[in-house]
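Just below is one structure, and these are the notes that go with it.
The values are calculated or read from the model by the stated rules, or taken from the named source; none is laboratory data. Model, not experiment: these values are computed from the prediction. Note that each Cβ is placed from the backbone with ideal geometry, even for glycine, and that neighbours are counted across all protein chains shown.
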Amino acid sequence: MPHVTADDRVKLYYEESGRGVPILFVHEFAGDCRSWAAQVRHFSSTHRCITFNARGYPPSDVPSDPAAYSQERARNDIRDVLDGLGIKNAHIVGLSMGAFAALHFGIAWPARARSLVIAGCGYGAAPDARAQFVSEAEAAANQFEELGMAKAAQGYALGPSRVQFQNRNPQAWQLFRDQLSEHSATGAALTMRGVQARRPSLYQLTDALREIASPTLVMTGDEDWPCLEPALLLKRTIPAAALLVLPNTGHTINLEEPDAFNAHVASFLDQVESNAWPVRDPRAMTGAILSR
């Protein structure tokens, strides 16, 4: 099995196919490499597509030390995958947990992000929901440990922003749930506590977000309630950001609406690669409604 080694010696499993400008896909908490199958099929005819399993997700290593899991480490693992494959820069496409990591990567190493797709990003970001998110994250981690993944996955896959997926495509949702049930309970619990619950709120990062120069596409489903307001924050704050909202769609937008997701990302990448993606005119942000 192919692996790259992170700078703390954790081995990260990866897959790649296709040739051309690299796209690195970074999965969500409930996903893994397999979550991007529809995107890899679509883009591998024109791009070099790379997916990897985050630490804690076999066949990547599952460190037992809680200190091995953090937002900083998730960010660094993106860099280490690129380094391990000899890639100078790439388009970075992330969903949820992967979107947070992609965003932090874009802040830390702007020259290495040809573009950023930030999809389903915002859980725990709202200041008034922070305590609730941390509490629910700890409860979920406890369930993974106490019930095991097979049973805990049943409840997690039926979260308020995932039932849309079940309603739209029960067979695809069942595959998603079954793949989630195969994850490591230890890895899931440590990731939930170390990465999810402890990451900074987007509202604490506004100064850094304003400095992101990479072309950015922010995507969310309109029924992914925890991500709607954060998506607007990202749109307002990142100078080269556009916002796309998919109707009647929940959290797993690349799985719920793969064709629409692929089409919008493809259009975005075409514009980036032809140097046609705009940076917002500052006159659009004066605060006036009708005139200067």
Item to complete: Could you list all residues from region 25-39 that are buried (at least 21 other Cβ atoms within 10 Å of the Cβ), out of contact with any helix residue (DSSP H, G or I) (no Cβ under 7 Å at 6 or more places or on another chain) and either farther than 22 Å from residue 162 by Cα or of a type in the set (Gly, Ala, Ser) (or both)?
Response: 31
Worksheet item: Can you name every residue in region 1-38 that is part of a strand (DSSP E or B) and hydrophobic (A, V, I, L, M, F, W, C)?
Response: 4, 12, 23, 24, 25, 26
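Conditions (1) out of contact with any Asp or Glu (no Cβ under 8 Å at 6 or more places or on another chain); (2) among the aliphatic types (A, V, I, L, M); (3) more than 22 Å from residue 94 (Cβ to Cβ); (4) touching a residue at least 24 places away in the same chain (Cβ under 8 Å), marked per residue:
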| site | (1), (2), (3), (4) |
| --- | --- |
| 265 | yes, yes, no, yes |
| 273 | yes, no, no, yes |
| 287 | yes, no, yes, no |
| 292 | yes, no, yes, no |
Worksheet item: Taking region 258-287 on its own, how many of its residues are assigned to a loop (DSSP other than H, G, I, E, B) and surrounded by fewer than 12 Cβ atoms within 10 Å (Cβ to Cβ)?
Response: 8
Response to the item:
Per the filter on region 162-190, residues assigned to a loop (DSSP other than H, G, I, E, B) and within 30 Å of residue 64 (Cβ to Cβ) are 162, 182, 183, 184
Worksheet entry | One residue from 63, 22 being more than 22 Å from residue 157 (Cβ to Cβ), buried (at least 16 other Cβ atoms within 10 Å of the Cβ) and under 20 Å from the mean Cα position of the chain (by Cα) | 22
Worksheet entry | Condition met for residue 99 (modelled with pLDDT of 95 or more, farther than 23 Å from residue 232 by Cβ and small (Gly, Ala, Ser)) | no
Discussion item. Out of the residues in region 40-60 meeting the condition of being more than 17 Å from residue 14 (Cβ to Cβ) and crowded, with 16+ Cβ neighbours inside 10 Å, tell me which one is farthest from the chain's Cα centre (by Cα).
Written reply: 46
Practice prompt. Look at region 60-106 and say how many of its residues are touching a strand residue (DSSP E or B) at 6+ places or on another chain (Cβ under 9 Å), under 19 Å from residue 219 (Cβ atoms) and either assigned to a strand (DSSP E or B) or not hydroxyl-bearing (Ser, Thr, Tyr) (or both).
Written response: 16
Discussion item. If I filter region 193-240 down to residues being without any contact (Cβ under 8 Å) to a residue 60 or more places away in the chain and β-branched (Val, Ile, Thr), which single residue comes out as nearest to residue 129 (Cα to Cα)?
Written reply: 206
Worksheet item: Within region 267-274, can one find any residue that is on the phi < 0 side of the Ramachandran plot and in contact with a His (Cβ under 7 Å, 6 or more places away or on another chain)?
Response: yes
Item to complete: Go through 89, 76 for me and flag whichever is at negative phi, under 15 Å from the mean Cα position of the chain (by Cα) and surrounded by fewer than 23 Cβ atoms within 10 Å (Cβ to Cβ).
Response: 76
Practice prompt. Sort through 122, 155, 159 and tell me the only one that's surrounded by fewer than 21 Cβ atoms within 10 Å (Cβ to Cβ) and either in a loop (DSSP other than H, G, I, E, B) or in contact with a Cys (Cβ under 7 Å, 6 or more places away or on another chain) (or both).
Written response: 159
